[in-house]
1. Listed residues 400, 333, 386, 347; which is closer than 28 Å to residue 256 by Cα and not in a loop (DSSP other than H, G, I, E, B)?
2. Name the residue that is surrounded by the most Cβ atoms within 10 Å (Cβ to Cβ), counting only residues in region 727-750 that are under 24 Å from residue 584 (Cβ atoms) and without any contact (Cβ under 8 Å) to a residue 40 or more places away in the chain.
3. Mind counting the residues in region 372-383 that are at pLDDT below 90 and either under 14 Å from residue 479 (Cα atoms) or part of a helix (DSSP H, G or I) (or both)?
4. I need the helices (runs of 4 or more DSSP H) fully contained in region 530-621, keeping only those with at least 1 residues that are more than 31 Å from the chain's Cα centre (by Cα), at pLDDT 90 or above and under 30 Å from residue 738 (Cβ atoms).
5. May I ask you to list the residues in region 345-381 that are surrounded by 20 or more Cβ atoms within 10 Å (Cβ to Cβ) and within 18 Å of the chain's Cα centre (by Cα)?
6. Anything in region 295-316 that is part of a helix (DSSP H, G or I), in contact with a strand residue (DSSP E or B) (Cβ under 6 Å, 6 or more places away or on another chain) and at pLDDT 90 or above? List them, or say none.
7. Hey, any hits in region 86-98 for a residue that's at pLDDT 90 or above, within 26 Å of residue 170 (Cα to Cα) and either in contact with a helix residue (DSSP H, G or I) (Cβ under 6 Å, 6 or more places away or on another chain) or crowded, with 22+ Cβ neighbours inside 10 Å (or both)?
8. Give me the pairs, please: first residue somewhere in region 318-338 and at positive phi, second residue anywhere and surrounded by 14 or more Cβ atoms within 10 Å (Cβ to Cβ) and part of a loop (DSSP other than H, G, I, E, B), beta-carbon distance under 7 Å, and either six or more positions apart or on two chains.
């Protein structure tokens with residue numbers, strides 16, 4: 001097999017990683033770099049029990065020659081330049097192993113390059129052995145860890161190849177030649193020579209090179225690698241410079257902090273070069289305003305801008321559109337607003353603000369996706385629709401992704417967001433970033449994470465060492481991600497409040513009605529929630545029997561999950577049980593409101609059955625909007641929407657009747673209603689006690705503990721001119737309950753503000769709200785419309 005650094009076959013480093021097992025490794029190379037040696041140590045030393053290196057006379061330093069490594073040659077990657085000390089330590093630790101032997105050819109130079117691996121069972125199963133020979137030195141460029149202009153060509157094959165025996169014998173002959181020395185002749189300052197053990201000499205020279213390397217030279221190397229191509233691009237691109245100059249005259253750009261401006265410029269360069277970027281700044285660092293500046297840049301260049309966001313964030317974005325009297329009204333920000341839930345043909349087609357409602361004409365576009373982590377599942381119908389029906393049909397499209405948490409469950413989350421930039425194509429970064437297959441890169445990275453996570457007391461630095469270079473190349477090229485810690489001290493006029501260590505206080509009511517504990521209350525949850533899974537009752541006994549038998553045999557259904565009505569209903573019901581627990585954890589009041597809604601839904605379903613029995617007038621058994629309304633404010637809302645998305649067949653009572661299950665459906669509804677009514681009656685009794693005890697100790701122990709905490713904070717804040725307490729809660733039902741109870745207990749100047757997760761972080765909105773309450777000092781003089789989201793830190 002031919003291996004080069006441009007074709008689709010494995011690179012040398014991939015061959016070594018994939019095919020090295022327990023055995024012995026022999027390597028001949030003319031040159032080597034510390035980064036490549038460190039790679040070998042990381043990925044093979046746990047397997048290989050013996051190494052033999054034959055190296056050319058590559059470390060022959062004259063006494064008057066400056067002993068520094070030429071970091072500007074292409075054999076050294078930027079990763080190596082940034083981690084010289086770390087890589088040097090790894091290389092030295094590797095060379096110090098007893099199982100590592102090294103010889104040098106003195107006084108000859110070695111041009112040969114070979115990698116030979118043999119297992120203990122070579123004669124029994126030769127397919128486990130391999131060799132690679134050709135032009136690849138043991139350098140990062142040579143083995144394919146770093147892109148280079150040099151063309152490398154190698155032949156590789158397994159032990160069954162007849163040439164394997166020949167090249168093995170050739171190495172043994174070379175190893176035993178008189179010119180292959182274990183000692184190195186070194187010229188001293190006085191002109192005399194001495195001999196040192198070659199491996200020890202090699203170790204000492206590596207340590208000298210990286211300990212004594214001049215910071216100035218390292219600085220220039222990093223600048224060259226990081227910015228050399230960009231500076232050249234800008235120098236030859238007066239149009240880009242002119243466009244950036246126009247951006248600098250906008251209101252939005254001049255409203256940003258310096259670090260935000262730098263982020264905007266970086267994002268624009270990424271979008272220009274790679275057609276995509278991810279803005280992953282930490283929460284509260286102004287991603288919305290940074291994105292608006294990027295959107296304005298491309299609006300001025302004539303691109304159509306389309307913003308996709310969760311529906312609950314629509315007001316946050318709509319407020320900045322032109323003709324909405326925002327603080328950026330002079331910029332006339334013009335973009336179309338769509339929601340993640342719109343990613344289906346039927347829903348996009350309903351819009352009237354554009355002739356082609358799916359944005360699939362020839363006009364160049366910028367797609368901005370807020371909360372992009374909601375589109376991390378590449379198997380979901382929304383993701384597939386976005387890729388196949390929107391992005392793939394726009395030849396000239398750029399994609400900007402916004403997310404403070406691009407990784408939620410696994411590294412595949414961010415992989416799938418990167419793939420949106422290349423319209424789902426796993427090989428989409430092959431030309432631009434020399435990443436042949438992004439799926440392979442992330443499989444390797446995830447495997448490294450899985451191994452690292454099993455190590456007791458593992459350090460994050462150990463995980464970073466295991467990540468493949470392609471991973472860093474991709475993230476460095478396409479991501480802007482800053483934390484508060486990175487910004488602090490580098491931005492004049494910007495300070496962040498000191499965060500106290502959070503207190504975790506676990507308090508639950510001792511009794512809720514006749515229930516003595518939460519556990520007892522959980523035991524009385526409705527058994528089926530049958531009102532939310534009518535599809536279950538459309539199956540006849542024969543169909544259900546076949547399904548159960550197939551399940552017992554381990555056979556999978558041919559129906560895709562998101563098209564299987566019965567499975568989707570079951571998933572939704574499981575999510576509802578989790579939702580009920582979360583609401584109860586938030587407050588008994590939020591839980592009671594949810595129980596009321598669920599009870600009303602089941603009563604409505606039972607009433608429909610009664611009417612159907614009397615009049616035979618058919619009605620729908622399920623109502624999608626009623627189901628989803630339960631998930632308002634909950635972080636599982638996107639998942640619930642995804643489950644119910646695209647349901648084509650409305651389920652009618654006649655469908656259930658035809659399956660012979662109407663009586664069973666009615667029976668299960670009554671069981672659920674009995675359980676729900678029991679919960680409701682106990683919650684009502686609890687509510688009566690809380691309502692009667694507004695001026696002294698309450699049954700709501702969680703509320704009492706909150707009041708105690710507020711009073712303590714008020715005492716500590718007595719010396720401040722403008723003390724305030726902000727209470728954050730997930731569910732607005734809990735917020736309004738607290739507003740009512742705290743007001744009854746004598747707290748003044750208090751209000752509740754229902755907001756989405758991003759709007760909550762918009763200090764412009766928050767400051768306007770506090771101004772209305774006259775809680776800001778000199779509120780009549782405060783023009784909150786001109787506030788940067790980060791410039792109201794006194795809040």
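The values are calculated or read from the model by the stated rules, or taken from the named source; none is laboratory data. Keep in mind it's a predicted model, so treat the numbers as computed, not measured. Virtual Cβ from ideal backbone geometry, glycine too; neighbours counted across all protein chains shown.
1. Only one candidate qualifies: 400.
2. Step by step, filter region 727-750, then rank; the result is 735.
3. So the count comes out to 4.
4. Those helices (runs of 4 or more DSSP H) span 588-615.
5. 368, 369, 370, 371, 372, 373, 374, 375, 376, 380
6. 295, 298, 299
7. Yes, there is a match, as at least one residue in region 86-98 is at pLDDT 90 or above, within 26 Å of residue 170 (Cα to Cα) and either in contact with a helix residue (DSSP H, G or I) (Cβ under 6 Å, 6 or more places away or on another chain) or crowded, with 22+ Cβ neighbours inside 10 Å (or both).
8. 332/322
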